[in-house]
Amino acid sequence: MKGIIPRVSKSSLGQGSFCWQQYFIKYVLGVREPENDNMRRGTNVHNAVEDFYRNVSVSYAASMRSYGFDTVLKYFLEFIPDEPYTLGEEKHLTRFFTAEAHRFMGCETDFFLPIVNEVSLDAVVEIDGQLVHLTGIVDRMFADEEGRCHIHELKTGAWKDKPKKWKSMREEMAYYAYLIKKSDHETLGGLDVEYWGWDHTGGEGLFRGREGVRTQEIGSMLANLRDLLSMHGKYKGGTDGYYFPLIDVGATKYVCEPWCGVKGFCPRYERVLMRHEDREEEE
């Protein structure tokens, strides 16, 4: 990779730690996954939440707090766009705004709004002698009365309370914390993030996590980044993804089958080429 600076995002690094071959197909070969309903729903919900923070009047909401939670919630729900939603976006937004109305009722109004709302960040860092361009969009950053920074991510999927899910979410947040620290952003660059959290609006209700920054996940995120740079360093070009490991054979039915949108390009996943009757016999 002499003379080449790889570009890595939170999504691409997370894709790699999930399946390095999928990373190769998407981000090296450039195979684009068709947009699906989950992607469209996520975009619509993110846009509505971004607009909410840009347009909500904290002073007006504060004037209604004496009338109770329901009055504040009614005001927040007015920010659900009058769009012909068909993918359940309104349910996701209702869950989110309900959680925010609860938070508003118990917080200092000066600290309700984020100090960062959907901001793009970039940083060029050196990892083991290799320059790498890190990029990403931080959903939200908040600051408390003591100036401690908290980054928060919004997901429209359902939360799964499993060790792997906790690990993957923490590593996503670790990427953002590292990116903020290393970026040259005029106001955020060099800041230390002390807390991180995330909302999942899928499932039966909203899951909201919040915790202090964990150095363990920052370390594992950087280890994934080093692995990725090592693979790029060995890659010689072309369509041969030999240095980007394939997922375990036993995981194809549980990972590739339901989730991967580019498995037709993967040498591991042969079932996509099978006749339907052959699949039934195999099962």
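The values are calculated or read from the model by the stated rules, or taken from the named source; none is laboratory data. Because the structure is predicted, anything quoted here is derived from the model rather than measured. Don't worry about glycine lacking a Cβ; one is built from the backbone with ideal geometry, like all the others, and counts go over all protein chains shown. When the accessible area is computed, the model is the full protein with side chains, heavy atoms only, and any ligands, DNA or RNA have been set aside. Shrake-Rupley method; radii C 1.70, N 1.55, O 1.52, S 1.80 Å.
Count of the stretch 63-88 residues, restricted to those that are aromatic (Phe, Trp, Tyr) and open to solvent by 30 Å² or more (accessible area, probe 1.4 Å), is 4. In the stretch 255-271, the qualifying residues are those that are open to solvent by 60 Å² or more (accessible area, probe 1.4 Å) and under 24 Å from Asp37 (Cβ atoms), and the one that is modelled with the lowest pLDDT is Pro258.
Just to be sure, is Ala158 assigned to a helix (DSSP H, G or I) and either modelled with pLDDT under 95 or under 20 Å from the mean Cα position of the chain (by Cα) (or both)? In short, no. Within the stretch 114-126, the set of residues being in contact with a helix residue (DSSP H, G or I) (Cβ under 6 Å, 6 or more places away or on another chain) and of a type in the set (A, V, I, L, M, F, W, C) comprises Leu121, Ala123, Val125.
Residue check: Asp199 meets all listed conditions (1) outside any helix (DSSP H, G or I); (2) under 16 Å from Gly16 (Cα atoms); (3) touching a Phe, Trp or Tyr at 6+ places or on another chain (Cβ under 7 Å) but one, namely (2).
The numbered conditions (1) open to solvent by 10 Å² or more (accessible area, probe 1.4 Å); (2) closer than 30 Å to Glu204 by Cβ are all true for Ala143 except (2). Scanning the stretch 26-79 for residues that are of a type in the set (Val, Ile, Thr) and more than 30 Å from Gln15 (Cβ to Cβ) yields Val56, Val58, Thr71, Val72.
Across the stretch 236-254, what is the total count of residues that are part of a helix (DSSP H, G or I), more than 24 Å from the chain's Cα centre (by Cα) and either surrounded by 10 or more Cβ atoms within 10 Å (Cβ to Cβ) or not aliphatic (A, V, I, L, M) (or both)?
Selection size over the stretch 236-254: 2.
Restricted to the stretch 168-211, and to residues there that are of a type in the set (Ser, Thr, Tyr) and in contact with a Lys or Arg (Cβ under 8 Å, 6 or more places away or on another chain), the residue that is surrounded by the most Cβ atoms within 10 Å (Cβ to Cβ) is Thr201. Scanning the stretch 89-131 for residues that are open to solvent by less than 70 Å² (accessible area, probe 1.4 Å), within 20 Å of the chain's Cα centre (by Cα) and not acidic (Asp, Glu) turns up His92, Leu93, Arg95, Phe96, Phe97, Ala99, Pro114, Val116, Asn117, Val119, Leu121, Ala123.
Of the residues Thr239, Thr156, Thr135, Thr201, the single one that is of a type in the set (Ser, Thr, Tyr), in contact with an Asp or Glu (Cβ under 6 Å, 6 or more places away or on another chain) and in contact (Cβ under 8 Å) with a residue 24 or more places away in the chain is Thr135.
Per-residue answers, yes or no, for (1) more than 24 Å from the chain's Cα centre (by Cα); (2) in a helix (DSSP H, G or I); (3) among the charged types (D, E, K, R):
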position: Arg32; (1), (2), (3): no, no, yes
position: Asn44; (1), (2), (3): no, yes, no
position: Phe52; (1), (2), (3): no, yes, no
position: Tyr60; (1), (2), (3): yes, yes, no
position: Ser66; (1), (2), (3): yes, yes, no
position: Tyr75; (1), (2), (3): yes, yes, no
position: Pro84; (1), (2), (3): yes, no, no
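Among the residues of the stretch 13-49, the ones that are free of Cβ contacts under 8 Å to residues at least 60 places away in the same chain and closer than 22 Å to Gly238 by Cα come to 4 in all. Going residue by residue through the stretch 48-62, is there one that turns out to be farther than 24 Å from Tyr195 by Cβ and surrounded by 15 or more Cβ atoms within 10 Å (Cβ to Cβ)? Yes, the stretch 48-62 has at least one match.
Report yes if Ile151 is within 21 Å of Tyr178 (Cα to Cα), surrounded by fewer than 18 Cβ atoms within 10 Å (Cβ to Cβ) and among the β-branched types (Val, Ile, Thr), otherwise no. Before you say what the answer is, go through the steps one by one.
On the way: within 21 Å of Tyr178 (Cα to Cα): yes; surrounded by fewer than 18 Cβ atoms within 10 Å (Cβ to Cβ): no; among the β-branched types (Val, Ile, Thr): yes.
Taking the combined requirement at face value, the residue does not satisfy it.
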